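**Q** Before anything else, here's the structure in question.
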Amino acid sequence: MNPMTSSNLKSAFGGESMAHMRYLAWGDAAEKEGFPNVKNLFVAISYAEQVHAHNHFKELKNECGDADVTAGGGFGMTTTSENLKAAMEGELYEVEQMYPAFIAVAEMQGEKGSLRSFNYAMEAEKTHADLYATAKEAVDKGADYDQDTIYVCPVCGHTVAGELEGPCPICKVKADMFKVFKTEAVLAEA
């Protein structure tokens, strides 16, 4: 694998791994603030970020040894509204800057598997940004997010709130393969 694509995969793996853990922490904070559906959203998207990290890691299958990973990621525990804003901004950074650059390099270097992994993540991150924006609007009005059921594609991380219709629009996996996150189930596990 070309060293530049390898470095980009490692950075993406680091960023997605950090987002996974950050969203779990922010979900717990949302629950404490009285927003159980926001917690469920954070937990579901946390799983999607885990899917992205896993996909990137799989592409690094022939890369062995230690590596320093540069990955941007917000830190801090603030209000649920501010956490949703930070999550949305992180997703938009990936969609508008990080993944387009990584995709351009992978295309130029003919790294087909890396290209697929980056494209899956970028397309899924678009839905994550929209979901966080909608949840933030509700929280800013003093209400919980109005969706208590979230579906996540286990192949690409595409995330759907409410009703799931048909196969994944990104990777075409069948709807019955999606992982379901329901608020009452997430709260029971806590």
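The values are calculated or read from the model by the stated rules, or taken from the named source; none is laboratory data. Computed from a prediction, not measured in an experiment: that's the story for all the values here. Glycine gets a Cβ as well: all are built from the backbone with ideal geometry, and neighbour counts include every protein chain shown.
**Q** Being in contact (Cβ under 8 Å) with a residue 60 or more places away in the chain and surrounded by fewer than 24 Cβ atoms within 10 Å (Cβ to Cβ) is the filter here; which residues of segment 38-49 pass it? Spell out how you get there, then give the answer.
**A** We begin by selecting, within segment 38-49, every residue in contact (Cβ under 8 Å) with a residue 60 or more places away in the chain; these are 38-41, 43-45, 47-49.
47 - this is the single residue of segment 38-49 that is in contact (Cβ under 8 Å) with a residue 60 or more places away in the chain and surrounded by fewer than 24 Cβ atoms within 10 Å (Cβ to Cβ).
**Q** In the list 135, 129, 124, 161, which residue meets the criterion of being touching a Gly at 6+ places or on another chain (Cβ under 7 Å), touching a residue at least 40 places away in the same chain (Cβ under 8 Å), within 21 Å of residue 84 (Cα to Cα) and of a type outside the set (Lys, Arg)?
**A** 124
**Q** Follow-up question, since we're still on this one. Those residues that are of a type in the set (Asp, Glu), in contact with a Leu (Cβ under 9 Å, 6 or more places away or on another chain) and surrounded by 16 or more Cβ atoms within 10 Å (Cβ to Cβ), I need them from segment 96-138; list them, please.
**A** 111, 125, listed by residue number.
**Q** If you scan segment 149-190, which residues turn out to be touching a helix residue (DSSP H, G or I) at 6+ places or on another chain (Cβ under 8 Å), of a type in the set (Gly, Ala, Ser) and within 22 Å of residue 134 (Cβ to Cβ)?
**A** 157, 161, 166
**Q** I would also like to ask the following. Just to be sure, is residue 72 modelled with pLDDT of 95 or more, loosely packed, with under 15 Cβ neighbours inside 10 Å, out of contact with any Lys or Arg (no Cβ under 6 Å at 6 or more places or on another chain) and not in a helix (DSSP H, G or I)?
**A** no
**Q** Scan 57, 42 and give me the residue that is aromatic (Phe, Trp, Tyr), closer than 23 Å to residue 110 by Cα and part of a helix (DSSP H, G or I).
**A** Of the residues listed, the single one that is aromatic (Phe, Trp, Tyr), closer than 23 Å to residue 110 by Cα and part of a helix (DSSP H, G or I) is 57.
**Q** Please go through segment 43-69 and pick out each residue that is of a type in the set (A, V, I, L, M, F, W, C) and at pLDDT 95 or above. Working first, answer last.
**A** Keep residues of segment 43-69 that are of a type in the set (A, V, I, L, M, F, W, C), which gives 43-45, 48, 51, 53, 57, 60, 64, 67, 69.
Within segment 43-69, 43, 44, 45, 48, 51, 53 qualify.
**Q** Which pairs do you get when a residue that is assigned to a helix (DSSP H, G or I), found in segment 6-27, comes within reach of a residue that is buried (at least 24 other Cβ atoms within 10 Å of the Cβ) and of a type in the set (Lys, Arg), reach meaning Cβ atoms under 8 angstrom, with the pair 6+ apart or on two chains?
**A** Close Cβ pairs (under 8 Å, with a partner that is buried (at least 24 other Cβ atoms within 10 Å of the Cβ) and of a type in the set (Lys, Arg)) amount to 27/39.
**Q** Now a separate question. Given (1) among the small types (Gly, Ala, Ser); (2) buried (at least 19 other Cβ atoms within 10 Å of the Cβ); (3) over 17 Å from the mean Cα position of the chain (by Cα); (4) farther than 21 Å from residue 57 by Cβ, identify the lone condition not met by residue 162.
**A** It is condition (2) that residue 162 fails.
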